[in-house]
Amino acid sequence: MTHQTKGSGTFTYPTRVVAYLANLGLTGIFQHSMGYPNALWWFFVGWCLIYPHLFWIVYTQAQNKGLVERSALSIDIFMVGIACSILHYSYLPSIIIFITISTTILMIGGVNLLMWGFVWVVLGGLIGGLATGFAWVGEADRLLQLSSSVYLLLYSYFFGYMNHQGVIEVKRNRAKIREAHQQLAKQTILIQEQAEHLRDKNDEIGAQSEELQQTNEELLVMLDMLHKQKEELDFKNNALTESITYASRIQVATLPSENTLHRILGPHYFIFFRPRDIVSGDFYYCVLKDEHIVLAAVDCTGHGVPGAFMSLIGNDLLNDIILNRGVLQPAQILEQLHEGVQRVLQQKETNNYEGMEIALVVIPPDKRHIHFAGAKRPLVFCKSGELQQLKGSSTPIGGAQYFGRTAFEQHTLPVNSDTWIYLFSDGYQDQFGGKNNKKLGSAQLRQLFLQIHQFQARTQAEKLQTHLTQWTNASSENQVDDILVIGLKVA
């Protein structure tokens, strides 16, 4: 452990300079009274002028300043012995120098360093005595006595001043200690209050923890219950999905196959069919009766399972009307279809208002003209590069007829080799999308027919698919309804 010398610091530098000058003055007065300065005195003069400054340079650069201070004090007391030998051991100045330097060492370095100082002063007195032949003067002259007395007086005032400064410093330290105690007391009270507050918080947190634990246990029970319910729902959903998927096979089986469509319609047709769910409320109908082609796009009320039930009813009724009864006039077909829906669903008795919309064409064997009738669905056709439309009647198939009903209107349309006809449900035009997330609309759909009618049938279907995908992706919309579009080049 490094010993830290008491009082070491910058104040010893000017003090040491003054002390050495005072010693130099005393020894100088003595040498003057003796009439001759010896070599030891000149060494002492050089030491007094150089040593304090040299010590200060070393002290400022040293890392262990306490060691430098103790070494300097040892040299100081050693030089007291030298000074006493220069004074020929004259009693008054020697004892004054010894007492002043010793008390300074005691004040700065403590008793331990003072005891070593006795050794150093004796060593300095012996070495100085060897240089002066141990010359001795019992009584100093009056000038030296006066100088020594002044030296003692000044040192006494200096020592008193240092003690006064020490007392002031002690008072300051005591005031700081009292202030520190007061702050510590306040901090202790604050810490106690905070500790009490923390205890209250801990109690509150403990209570909340118990509540949370209880709530967590309840949530675990609920989670387990929900998990079981989810498993049950998943089981039922899978069973229902399997059932609906199987139903879709039945629905698909009622639709004309590709081979049947190709045999009846020829190569120049497409059917763009996209159910919203597994089963569909839209369906297409195509049969050949007495060399007449009957083609229809049907949109039943609703979608999914309810719409699929209606599609089966509609398909059976159309088969009965056309294949069994032999009705080949579009308006009559729709009339009997309307009556059939009301009859099967017992709409007059049950107030069941389900129904369907339909666009239906009958193409005679010569294919020079077609017959069309619609229930709230139009026929769009492109002929000679122009787009035209035949509106269907405003009366639906089945459902409520609040203001009576009008007969279905039948249209006859002459066709040529470049005529394309389009039958469709409202699913495509009602699909939301685009940058503004709005319905595509019938006008845009008709314009799309005009743009694609010059392409091959398969290409037209692909372009309808591409346009629909881009439209829905622009606003990340899902399909909102069943979609059915039929295109046919008649001749």
What net charge do the residues around PHE273 carry, taking every other residue with its C-beta under 11 Å from that of PHE273, with Lys and Arg at +1 and Asp and Glu at -1? -1
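Lys and Arg at +1, Asp and Glu at -1: add these up for the other residues within a Cβ distance under 13 Å of LYS489 and post the number. List each step's numbers first, then the result.
Details: positive: LYS367, LYS383, ARG458; negative: ASP418.
Overall, the nearby charge balance is +2.
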Suppose the chain between SER71 and ALA491 were pulled fully straight at 0.36 nm per residue; how much longer would it get relative to their current alpha carbon spacing? 138.5 nm
Virtual spin-label span in nm between LYS236 and ASP203, 7 Å along Cα→Cβ: 5.0
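Is the C-alpha gyration tensor of the range 304-431 telling us rounded, prolate or oblate? Criteria: a/c under 1.5 is rounded; beyond that, a/b larger than b/c is prolate, otherwise oblate. Kindly include the intermediate steps, with their values, before the conclusion.
Values: a/c = 2.01, a/b = 1.63, b/c = 1.23.
Cα axes put the range 304-431 in the prolate bin.
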Of LEU484, PHE455, LEU423, farthest towards positive along the dipole that unit charges on Lys, Arg, Asp, Glu beta carbons give the range 418-491: PHE455
Please compute the length gained on full extension between GLN346 and ASN436, using 0.36 nm multiplied by the number of residues separating them and subtracting their Cα-Cα distance. 28.1 nm
For the pair GLN444 and ARG368, the simple spin-label estimate (label points 7 Å beyond Cα toward Cβ) gives in nm 4.2
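Calculated FRET efficiency, LYS463 and HIS292, Cβ-Cβ r, R0 35 Å, to nearest 0.05? Kindly include the intermediate steps, with their values, before the conclusion.
Values: r = 31 Å, r/R0 = 0.87.
Efficiency computed from Cβ-Cβ geometry: 0.70.
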Result for the range 252-300: accessible area per residue, probe 1.4 angstrom, in square angstrom, of 43
Distance violations [Cα-Cα > 20 Å] among LYS289/LYS367; LYS463/LYS489; LYS391/LYS438; LYS348/LYS391; LYS438/LYS489: LYS391/LYS438; LYS348/LYS391; LYS438/LYS489
Given a 1.4 angstrom probe, I'd like the percentage of the accessible area of the range 218-307 that is carbon and sulfur, rounded to a whole number. 59
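The values are calculated or read from the model by the stated rules, or taken from the named source; none is laboratory data. These numbers were taken from a predicted model, which means no experiment stands behind them. A quick note on method: Cβ atoms are made from the backbone with ideal geometry, for glycine too, and the neighbour counts reach across all protein chains shown. Accessible surface is based on the protein model in full, side chains and every heavy atom, while ligands, DNA and RNA are left aside. Shrake-Rupley method; radii C 1.70, N 1.55, O 1.52, S 1.80 Å.
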